[in-house]
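Read through the structure below, which is laid out as structure tokens, and then see the notes.
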Amino acid sequence: MTEMGEARVRAQKPTRVAVVTNIPAPYRLQVFEHLVAHQDLDVCVFYCSGREPDREWDLRHSPVKQQFFKEKFFTYRGKFVHCNPDAWGALAAFRPDVVITSGFNPTFLVAYLYARWHGAHHIAMTDGTATTEASLSAVHRFVRRRVYAGTSAFIGASLGSFELYRSYGIADAKIFQSHLCANNDDYVGVSEQVSKTHDFVFSGRFVPGKNPLFALEVAQAVARRLGRQMSILLLGSGEMADEMRKVADGMATEVSATFAGFVKQAQLPSLYASARILLFPTQLDTWGVVANEACAAGLPVVVTPMAGVAGELVVHEDNGYVLPLALKAWVDACVALLTRPTLYAQFAQRSVERVKPYTYRNAAEGIYEAVLSTR
């Protein structure tokens, strides 16, 4: 933007922006902090809830103006659906010029209707991709088409999100990117200070969709291939924790499994740096911030095509491998990385390079550009 353009923006009355989202998430809090640094915006983040039962995130204090609706949600097919009847009144008190919503639960639809009723611009924001929304019902697609018809701009976390918007006929000129990120700065130099004590790391909830048992199977199969014990660091918790410990005990002679449990954000850099390879065998993930964290720590990543990072942050045979859930293919990839130091060093360096643009500041700029497009 030119100096004259910047001066004109500063002279304007700040645009009041309401961001309506589910819960405070560590990978978005700092994005909002960078967003509010723009003096031509007056931003308030409205949360449906303080925390959902299956999340154990370590949340930092945020200086961003925020409000919490009266908590009310129900579960449907394992997902938490927020329905906050006080959303309309809270938005009316703030009087936004722009309303950003991050989904289609009842609260978000109320926020969208508020924007339409009061003449505010609506911006849709999603982490979803064409893959993750491939099985949506006709009703879900109908609702999206109706909402998108009254939407001024669209924010996506990934190229997969762009593909999703295009499938609804949205023009590229209306689409802006706001990456999902880790705090890359926290990882700088950590790998030089920490010894590699684990061959593998798995990070995520211990639930079937994340396939943590497959990670253990990979470690065991690599141990048999190389004829030595493998070590794996398991970060997280969840309903499968007891089952995983039992399975790990059964393969203890071949795999040394360390269960670190849920860890605080500040501990993650050194833990990732203590491992050599991230195993990310998800069945479906809109993105996968664990890959950002691993790449920032200089780890190659082995991931399924069902994660949003696949082909974008993690590129096959560049800084990792994008493979279907076939045990032999994963074992072949891991053995190559563990037995070829030059290949490993190349992949590790590429991970650090590929993750550099994925910053909170850049993510905030994507949101800012979307808001500017409504003026």
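What follows draws every value from the coordinates through simple rules; no lab data is involved. Treat the numbers as computed from the prediction; the structure is a model and nothing was measured. Glycine gets a Cβ as well: all are built from the backbone with ideal geometry, and neighbour counts include every protein chain shown.
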5 Å is the cut-off here: which amide hydrogens, built 1.01 Å from N in the peptide plane, fall below it relative to Ile100, excluding neighbours closer than 5 in sequence? Ala18, Val19, Val20, Ile123
Sum of -39500 (n - 2.57) over DSSP H runs of 4+, divided by residues of the chain (222 nm, nearest 500): -11500 deg cm²/dmol
First measure r as the distance between the Cβ atoms of Leu372 and Ala92, then evaluate 1/(1 + (r/R0)^6) with R0 = 30 Å and state the FRET efficiency to the nearest 0.05. 0.75
Report the trypsin sites (Lys or Arg not before Pro) located in segment 232-325 that are in a DSSP loop and have at most 16 other Cβ atoms inside 10 Å of their Cβ, or state none. Lys264
Of the labelled options [x] 20.2, 64; [y] 22.8, 68; [z] 21.8, 69, which one gives Rg and Dmax of the Cα atoms in Å as computed for this structure? [z]
Segment Gln265-Val139, length gained on full extension (0.36 nm per residue, minus Cα span): 41.5 nm
Run the reach check for Lys70 against lysines, Cα to Cα strictly under 22 Å, same-chain hits fewer than 8 apart removed. What comes back? Lys79
Computed FRET efficiency, Cβ-Cβ of Leu284 and Arg166, R0 22 Å: what is it to the nearest 0.05? 0.60
Surrounding charge for Gly288, neighbours by C-beta under 14 angstrom, Lys/Arg +1, Asp/Glu -1, total -1
How many angstrom lie between the Cα centre of segment 227-258 and the Cα centre of segment 335-375? 30 Å
With each label point set 7 Å from Cα along the Cα-Cβ vector, what nm distance links Ala326 and Arg245? 3.6 nm
Using the structure shown, list the pairs from Lys210/Lys356; Lys196/Lys356; Lys246/Lys328; Lys196/Lys328; Lys65/Lys210 with a Cα-Cα distance above 28 Å, or answer none. Lys65/Lys210
